[in-house]
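> Below is the structure I would like to discuss, written out as structure tokens.
Here, each number is a calculation from the coordinates, and none is a lab measurement. If you're wondering where the values come from, they're calculated on a predicted model, not measured in any experiment. Here the Cβ is made from the backbone with ideal geometry for all residues, glycine too, and neighbour counts use every protein chain on show.
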Amino acid sequence: MSRIGIKPIQVPDGVTVDITDHLVVARGPKGENRVDIPVRIGVTQDGNIITVTRRGENGTVKALHGMARSLVANAVAGAAEDFSKSLEIQGVGFRAKLIGENLELTVGFSHLVVIKKRPGTTFQVKGNKITVTGPSKAIVGQMAADIRAVRPPDAYKGKGLRYVGEVVRLKAGKAAKAAGGAA
């Protein structure tokens with residue numbers, strides 16, 4: 001039995017959920033999220049409680065049960081309140097700024113890197129922190145990963161873009177030559 005899949009989903013006030021055969025649409029003050037449901041997974045709503053069930057007991061259906069429940073729960077939560085992901089910039093001369101709705105990064109290349117925002121997401125820049133917000137957890141996470149991929153943290157000095165709270169283990173580098181040794 002899926003421990004996550006059997007948990008009921010509470011629908012917050014102000015959010016409406018429409019369930020058809022293989023589609024769940026959550027509408028709320030922050031936007032609309034759509035989730036395609038696999039064929040052998042069932043979704044039912046009773047009042048403001050959503051339940052995800054499986055139609056079958058083979059391994060594939062069991063694996064999809066928890067995933068489908070998580071996707072529906074994230075869609076419902078995102079319709080009520082935005083998800084956010086924060087990154088920080090480490091490095092001398094590295095900076096970010098907003099140009100219209102797009103993000104412009106100066107991260108040690110000979111050119112500027114422009115990240116275009118996806119529909120429904122927004123960028124915020126304060127000092128050396130970049131925050132991506134939006135109603136879809138998947139899109140916000142992918143946008144943050146795309147930004148980080150421009151310049152991931154360096155293994156020797158730690159310069160680059162990293163998630164807030166991410167721990168970067170630094171390598172030792174070359175050892176200095178032993179003093180007084182004959183060469």
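> May I ask you to evaluate 6.51 cos²θ - 1.76 cosθ + 1.60, the Karplus curve with θ = phi - 60°, for each residue of region 103-112 and list the ³J(HN,Hα) values in order in whole Hz, giving x for glycine and proline?
10, 10, 10, 10, 10, x, 8, 6, 9, 7
> With θ taken as phi - 60° and the coefficients 6.51, -1.76 and 1.60, list the Karplus ³J(HN,Hα) couplings across region 23-40 in order, rounded to whole Hz; mark glycine and proline as x.
9, 10, 10, 10, 10, x, x, 8, x, 10, 10, 10, 10, 7, 9, x, 4, 8
> Taking springs between alpha-carbon atoms closer than 10 angstrom, which of V11, V168, V132 fluctuates most in the Gaussian network model of the chain?
Largest GNM mean-square fluctuation: V168.
> Rounded, prolate or oblate: pick one for region 1-90, where a ≥ b ≥ c are the square roots of the eigenvalues of its C-alpha gyration tensor, a/c under 1.5 means rounded, and failing that, prolate if a/b is larger than b/c, else oblate.
Cα axes put region 1-90 in the oblate bin.
> Would you mind telling me which residue in G42, G160, G100 has the biggest mean-square fluctuation in a Gaussian network model of the chain, where springs connect alpha carbons within a distance under 10 angstrom?
Comparing G42, G160, G100 in a Gaussian network model of the chain, the most mobile one is G100.
> How would you classify region 83-163 from its alpha-carbon gyration tensor, with a ≥ b ≥ c the square roots of the eigenvalues: rounded for a/c under 1.5, else prolate if a/b is greater than b/c, otherwise oblate?
Prolate, because a/c is 1.5 or more and a/b exceeds b/c.
> Mind checking which of D146, D154, D13 has the largest fluctuation in a GNM of the chain, springs on alpha carbons under 10 Å?
D13
> I've got another one for you. Please give the calculated 222 nm ellipticity per residue for the chain, where each DSSP H segment of at least 4 residues contributes -39500 (n - 2.57) and the sum is spread over every residue; nearest 500 deg cm²/dmol?
-6500 deg cm²/dmol
> Looking at the chain, which longest stretch skips every one of the GluC sites (Glu not before Pro) that is in a DSSP loop with at most 10 other Cβ atoms within 10 Å, leaving the sites themselves out?
Value returned for the longest uninterrupted segment is 102-183.
> Would you mind checking the tilt of helix 137-150 against the longest principal axis of the Cα atoms of the chain, expressed as 0 to 90 degrees and rounded to 10?
Around 20 degrees separate the two axes.
> So if I take the centroid of the Cα atoms in region 1-63 and the same for region 105-162, what is the distance between those two points in Å?
Between the Cα centres of region 1-63 and region 105-162 lies a distance of 31 Å.
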